[in-house]
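A.B. asks: Quick one: structure below, then a few questions.
The values are calculated or read from the model by the stated rules, or taken from the named source; none is laboratory data. Because the structure is a prediction, the values reported are computed rather than measured. Cβ placement follows ideal geometry from the backbone for every residue including glycine, while neighbour counts extend to all protein chains displayed.
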Amino acid sequence: MSATLPQSAGEIAKAVQSGAVSAVEITRAALDRIATEDQSIGAFTDVTSARALREAAGVDQKRRQGGTLPPLAGVPFGVKNLFDIAGLSTLAGSKINRALPPAQADGVLIQRMSAAGAILLGGLNMGEYAYDFTGENAHYGPSRNPLDPTRMAGGSSGGSAAAVAAGFVPVALGSDTNGSIRVPSAFCGLYGLKPTYGRLPRTGSFPFCDSLDHLGPFARNVTDVALCYDTLQGGCAHDAACAGRPVEAVSPVLGQGVAGLRIAIAGGYFRADAEPGALAAVERAADALNTSHMIDVPNADRARAAAFLITNAEGSSLHLDRLRRQIRDFDPETRDRFIAGALLPASWYISAQRFRRQFEDTMREIFTRCDVLLAPSTPCSAPKLGQKTMMLGGRDVALRPNIGIFTQPISFVGLPVAAVPVYVDEPMPYGVQVIAPAWREDLCLRVAAALEAARLGQRGTAG
Amino acid sequence: MTTDDTDAYIEAAARIQGLEVDPAWKPNVARFFDVARSMAKLVEDTGALTDAEGAPVFTPRGGA
């Protein structure tokens with residue numbers, strides 16, 4: 001979008017409502033930037049220009065007729081291409097899905113964004129079938145990190161993060177099974193929200209691992225994350241995992257601050273295998289929140305292991321027919337993991353599911369001693385594109401399976417997490433997970449707002 | 001199990017599942033399978049899992 005136009009979702013909606021700018025003007029500017037700049041980023045796989053301009057014209061017409069526009073009127077957004085978009089095949093980052101018939105309807109969360117006046121600009125790049133932390137894709141090319149295009153955007157919602165960080169859209173939707181919102185948020189310097197498991201319906205999105213799949217928003221500021229999240233809330237009978245909670249709006253409570261909140265730092269596992277910068281980012285966040293209280297999280301390594309097994313088994317089962325018929329059309333980076341997952345003994349998967357309740361008890365006990373927990377999002381900042389290994393705890397280890405070591409234990413038991421960008425004395429940002437008890441997204445975002453106010457997410461602010 | 005066991009298991013199980021495993025892919029598949037095996041050992045070592053409730057709960061919906 002043009003720098004002279006409002007940039008955030010909140011500002012755009014206000015400007016469109018007031019008539020200071022039209023939704024068509026905002027949409028054209030966003031489409032023009034995507035057309036000229038996305039070749040070097042790789043965020044979009046489909047741009048729905050005609051639809052976007054038609055919907056924007058509808059918003060403008062409604063304004064001319066008078067009355068109050070909905071809260072996201074004229075706000076451009078994109079969605080990870082595992083969301084159904086009416087008229088397009090739902091790619092989920094794959095070559096194989098290009099043969100699917102076009103979706104008949106938008107996914108439920110797109111419908112909710114559209115009903116709130118937001119303008120869909122298209123589908124966004126992602127790691128194949130969401131089995132990815134890098135944002136690389138053998139079929140569609142990588143999502144490059146707008147902060148440094150030689151680096152990974154992170155995955156698997158790489159295009160979602162890249163589109164927001166590049167300024168193409170103020171908000172985007174992604175999915176997070178093991179960290180796919182929190183990892184790209186960290187690498188690209190963005191705010192994101194992985195809500196509680198079962199909070200937002202996944203109806204009309206291509207699954208990966210039903211036990212662990214979550215959907216959620218990305219934005220460049222906390223207010224926009226909250227605005228978007230409030231729009232997305234509500235039950236849906238077609239997603240068996242959706243808990244059908246009433247809408248619990250967080251936008252009105254963002255400014256309540258953190259006074260009285262017991263905030264702790266996750267110790268043990270969450271400090272063992274991280275680069276110094278990742279730990280420094282957590283220290284900086286803790287300092288800003290005036291806490292040094294550390295709480296160990298026992299069995300986090302086992303929680304990560306169990307999440308790995310559940311993902312491997314369920315994901316491979318989901319794709320078993322495609323693996324049998326079209327195995328040579330898979331991205332080699334996912335293929336071999338899916339094959340291995342299709343062969344796991346059932347007892348490994350069932351033990352992992354049983355351990356889920358046990359670890360949930362562990363986390364529930366921890367949250368009797370604190371209200372919010374801080375942990376690094378990733379052990380490193382954005383790696384170089386094509387990088388295969390990383391140093392972890394003094395060892396040279398495979399990059400891909402280790403990017404998510406700090407996000408996997410948390411999503412394993414469905415806890416809500418706000419992803420908050422934090423700069424330390426390095427060119428690239430890190431991410432901090434702000435973790436709360438189930439259904440307390442309000443606490444995650446209040447703390448995120450406090451960290452944003454302390455300007456930790458702005459480059460050049462580290463001491 | 002040893003790596004030889006892993007290779008033999010993959011070969012047999014892949015055949016039963018109807019999956020092609022190109023010889024060029026086998027080392028990588030075995031590596032991922034061994035990672036999963038080490039993860040399973042970690043989880044099983046927690047013990048007392050016989051008392052734990054499995055996380056998935058099926059609730060019959062009744063009436064059509």
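A.B. asks: Would you confirm, using the coordinates I've provided, whether A:Leu121 is within 17 Å of the chain's Cα centre (by Cα), buried (at least 24 other Cβ atoms within 10 Å of the Cβ) and among the aliphatic types (A, V, I, L, M)?
C.D. replies: The answer is no for A:Leu121.
A.B. asks: Enumerate the pairs (first residue in the range A:438-454 and touching a residue at least 24 places away in the same chain (Cβ under 8 Å); second residue anywhere and part of a helix (DSSP H, G or I) and among the hydroxyl-bearing types (Ser, Thr, Tyr)) with beta-carbon separation below 8 Å, excluding pairs fewer than 6 apart on the same chain, so at least 6 apart or on different chains.
C.D. replies: A:Glu441/A:Tyr229; A:Leu445/A:Tyr229; A:Ala449/A:Thr223
A.B. asks: Condition check: within 20 Å of A:Arg335 (Cβ to Cβ) and part of a loop (DSSP other than H, G, I, E, B). Does A:Pro142 satisfy that?
C.D. replies: Spelling it out, A:Pro142 is indeed within 20 Å of A:Arg335 (Cβ to Cβ) and part of a loop (DSSP other than H, G, I, E, B).
A.B. asks: I need every pair where a residue in the range A:355-367 that is within 7 Å of chain B (Cβ to nearest Cβ) has its Cβ under 6 Å from the Cβ of a residue that is part of a helix (DSSP H, G or I), sequence separation at least 6 or different chains.
C.D. replies: Once the first residue is within 7 Å of chain B (Cβ to nearest Cβ) and sits in the range A:355-367, its partners that are part of a helix (DSSP H, G or I) give A:Phe355/A:Ala306; A:Phe355/B:Val43.
A.B. asks: Among the numbered criteria (1) facing chain A (nearest Cβ under 8 Å); (2) at pLDDT 95 or above; (3) part of a loop (DSSP other than H, G, I, E, B), which one does B:Phe33 miss?
C.D. replies: (3)
A.B. asks: Separate question: Which residue pairs have Cβ atoms closer than 9 Å, lie 6 or more positions apart in sequence or on different chains, and pair a first residue in the range B:11-24 that is more than 7 Å from chain A (Cβ to nearest Cβ) and over 14 Å from A:Arg337 (Cα atoms) with a second residue that is surrounded by 12 or more Cβ atoms within 10 Å (Cβ to Cβ) and not hydrophobic (A, V, I, L, M, F, W, C)?
C.D. replies: Close Cβ pairs satisfying both conditions: B:Glu11/B:Lys26.
A.B. asks: While we're on this one: What's the total number of residues in the range A:303-343 that are within 14 Å of B:Glu20 (Cα to Cα), assigned to a helix (DSSP H, G or I) and more than 10 Å from chain B (Cβ to nearest Cβ)?
C.D. replies: Adding up the residues that qualify gives 3.
A.B. asks: Could you check the range A:260-272 and list, in sequence order, the residues that are part of a helix (DSSP H, G or I) and surrounded by fewer than 19 Cβ atoms within 10 Å (Cβ to Cβ)?
C.D. replies: A:Arg271, A:Ala272
A.B. asks: Identify, please: which residue in the range A:81-108 is more than 22 Å from the chain's Cα centre (by Cα) and of a type in the set (D, E, K, R) and is, among those, surrounded by the fewest Cβ atoms within 10 Å (Cβ to Cβ)?
C.D. replies: A:Arg98
A.B. asks: Which number in (1) more than 7 Å from chain A (Cβ to nearest Cβ); (2) surrounded by fewer than 17 Cβ atoms within 10 Å (Cβ to Cβ); (3) modelled with pLDDT of 95 or more; (4) within 30 Å of A:Arg356 (Cβ to Cβ) marks the one condition that B:Asp5 misses?
C.D. replies: The number of the failed condition is (3).
A.B. asks: So how many residues does the range A:350-394 have that are under 23 Å from the mean Cα position of the chain (by Cα), closer than 16 Å to A:Val297 by Cβ, of a type in the set (A, V, I, L, M) and surrounded by fewer than 24 Cβ atoms within 10 Å (Cβ to Cβ)?
C.D. replies: 2
A.B. asks: Kindly evaluate A:Phe412 against the criterion of being within 28 Å of A:Ala448 (Cα to Cα), buried (at least 16 other Cβ atoms within 10 Å of the Cβ) and touching a Lys or Arg at 6+ places or on another chain (Cβ under 8 Å). Break it down into steps so the answer makes sense when it comes.
C.D. replies: Working: within 28 Å of A:Ala448 (Cα to Cα): yes; buried (at least 16 other Cβ atoms within 10 Å of the Cβ): yes; touching a Lys or Arg at 6+ places or on another chain (Cβ under 8 Å): yes.
In short, yes.
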